[in-house]
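J.: Please see the structure below; I have some questions.
What follows draws every value from the coordinates through simple rules; no lab data is involved. Values in this document were obtained by computation on a predicted structure and should not be read as measured data. No Cβ is skipped: glycine too gets one built from the backbone with ideal geometry, and neighbour counts run over all protein chains shown.
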Amino acid sequence: MLPPACPGVSARLTPRCFGDTMTHSMIATLSNAELLARLVSYDSTSTKSNVPIADFVCEYLDRPGIDVLRHPDADGTKVNLIARIDGRGKDTKGGGVDPDGLVLCGHLDVVPACEPEWRTDPFSLVDDATHYFGRGSCDMKGFVALAMNAMCLVCRDDLTHPLMLLLTHDEEVGLLGAKRLAAEWQQTGGSIAGLPVSFPRSVIVGEPTSLRAVRMHKGLLEMRVTVRGVPAHSGYPHLGRSAIEPAARIVAGLAALRSALEEEGGPNVALFPETPFVALNVGRITGGTAVNIVPDRCVIELSVRLLPGMEAAPFVERVRNIVADAAGSDDADFEFVHDSPPMLLAEGAPVHRTLCDLLSQSRSYGVSYATDAGALQAMGLDCVLCGPGTIEVAHKPNESLPKDEFRRAAELIETVVKRFCKE
Ligand SMILES: [Zn+2]
């Protein structure tokens, strides 16, 4: 008999809530490479629903001792997944942060694979002597496969502390899944999809770092300026007002700010030797209708990579003031569009220390891309990035994952799980 329907839990595929007992329709455990191939075969591009791949993950994890919670968005086309194996130890009651245990975290979505340079089908994993090829092989279904198998291979009775797997949607388009999860958990005092959930404090986000422990990353702040003019025939310019001319002044103001920022430096720049500053980019400008019409509209889109330790609000104000000064009496609307916060973890945090110890890593690293960790740290979690593969091949045609790193990552995860969940 099925248990009563639980909020956020699909009765068809994961007929269990945290704590329920049920029979299981188990899929045989696949090898790490076979599981990676299955994950890559789902086209989980962020523009599409991730329900098919999430259903597969739920079915794969439907095993004794593993509780799976689905966290769907409002229209049910996107879902975060939380899988958990409880330890025998005394864990924090639902709704808090548990000092012990471990979270393995990854995203299920991938960037589009439309580039003509793909030599093989991006959604069919192929391999040669040294690498696996496919969209998401490196960013980051390789880590997700290893984390799923780590959940399956662990024996509940061996665990003294909980092991959790957190898989998010839409990381690639602004950390939407992680942000939704963090906001709901904080607003409800510790519940997800109506159920209390406690999270182990230590989190490994398996983004491709070539298996280095990374404890800092920059953020990504997006802003938009819309300049409005009055359209007119270009032969009678006095009847209109150009939107492009004030936009050009604004772009010049932003370019001056970019140069100033490169001189200024900022907090934690030592870990970003290639770009030891806040990087500003005017990424897109669209305006005008035709050469013989006075343009009535021009839109400028820009992004800023804030350094760890910086707050978004004062920086947004700084940009807003520059835009207002440059626009003068012209009509320019400034909008804050999106913020993926920077991540910053203390060097001595247990998850960083342990990974450095296991990897014989003596220094700290930072990276210039934003990740789910920026959103998750707002929940009071200690996040480190560490996963197989390099960001240099991510988001490109013929994305690949070195086989030896994949193997070493499997061993590393096994050892880290032992350290955090069995001792
Ligand atoms: Zn990623």
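J.: Sequence-distant or interchain residues sharing an amide H contact under 5 Å with His338, placed H: which?
T.: Glu222
J.: Here's a follow-up. Which whole-number percent is the relative contact order of the range 220-340 (Cα, under 8 Å, 6+ apart)? Could you put the intermediate results ahead of the total?
T.: Working: 242 pairs, mean separation 51.0, N = 121.
For the range 220-340, the relative contact order is 42 percent.
J.: Still on this structure: Which log10 I(q)/I(0) values, to two decimals, does the range 286-354 give at q = 0.20, 0.27 Å⁻¹ under the Debye formula with one point per Cα?
T.: Treating every Cα as an identical point scatterer, log10 I(q)/I(0) equals -0.95, -1.24.
J.: Which of Ala248, Ala312, Ala147 moves most in a GNM of the chain, Cα contacts under 10 Å?
T.: Highest fluctuation of the listed residues: Ala248.
J.: Another question, then. Which of the pairs Lys48/Lys141; Lys218/Lys418; Lys78/Lys141; Lys78/Lys179; Lys141/Lys418; Lys141/Lys396 have their Cα atoms more than 24 Å apart in this structure?
T.: Lys218/Lys418
J.: Moving on to the next point. Do the sum for the chain: with -39,500 (n - 2.57) for every DSSP H run of n ≥ 4, divided by all residues, what is the mean residue ellipticity at 222 nm, to the nearest 500 deg cm²/dmol? Walk me through the intermediate numbers first.
T.: Numbers: 9 runs with 115 residues, N = 423.
Taking each H run of at least 4 residues, the total per residue is -8500 deg cm²/dmol.
J.: Can you bin the range 139-182 into rounded, prolate or oblate? Criterion: square roots of the alpha carbon gyration tensor eigenvalues sorted a ≥ b ≥ c, rounded for a/c under 1.5, prolate for a/b above b/c, oblate for the rest.
T.: Taking the square roots of the gyration eigenvalues as a ≥ b ≥ c, the range 139-182 is oblate.
J.: Using θ = phi - 60° and the Karplus relation 6.51 cos²θ - 1.76 cosθ + 1.60, list the HN-Hα couplings for the range 373-390 in order, rounded to whole Hz, with x at every Gly or Pro.
T.: 4, x, 7, 6, 5, 5, 8, x, 9, 8, 10, 10, 8, 6, x, x, x, 10
J.: In nm, give the distance between the simple-model label positions of Ala324 and Gln361, each being 7 Å from the Cα along the Cα-to-Cβ direction.
T.: 4.3
J.: Right, next: For Val126, enumerate residues with amide H under 5 Å from its amide H, sequence gap 5+ or separate chain, H modeled in the peptide plane.
T.: Those qualifying (amide H under 5 Å, at least 5 residues apart or on another chain) are Phe133.
J.: I've got another one for you. Where in the chain are the DSSP H helices whose C-alpha atoms run 24 Å or more along the long axis and whose mean Kyte hydropathy is at least -0.5?
T.: 244-264, 403-421
J.: If you don't mind, there's one more thing I want to ask. Among 344-353, 324-333, how do they line up from the highest to the lowest mean number of other beta-carbon atoms within 10 Å?
T.: Ranking, from highest mean packing down: 344-353, 324-333.
J.: Find the relative contact order for the chain and round it to a whole percent, using C-alpha pairs within less than 8 Å whose residues are 6+ positions apart.
T.: Here the relative contact order equals 22 percent.
J.: For the range 190-196, take each phi angle, set θ = phi - 60°, evaluate the Karplus expression 6.51 cos²θ - 1.76 cosθ + 1.60, and give the result in whole Hz per residue in order, putting x for glycine and proline.
T.: Karplus values, whole Hz, x for Gly and Pro: x, 10, 10, 6, x, 10, x.
J.: Under the definition of Cα pairs under 8 Å and six or more residues apart, what whole-number percent is the relative contact order of the range 86-144?
T.: For the range 86-144, the relative contact order is 33 percent.
J.: May I ask for log10 I(q)/I(0) of the range 220-340 at q = 0.09 Å⁻¹, from a Debye sum over the Cα atoms as equal point scatterers with solvent left out?
T.: For the range 220-340 at q = 0.09 Å⁻¹, log10 I(q)/I(0) is -0.29.
J.: In the P(r) worked out for the chain, what percent of Cα pairs fall beyond 34 Å?
T.: In whole percent, the long-distance tail amounts to 37.
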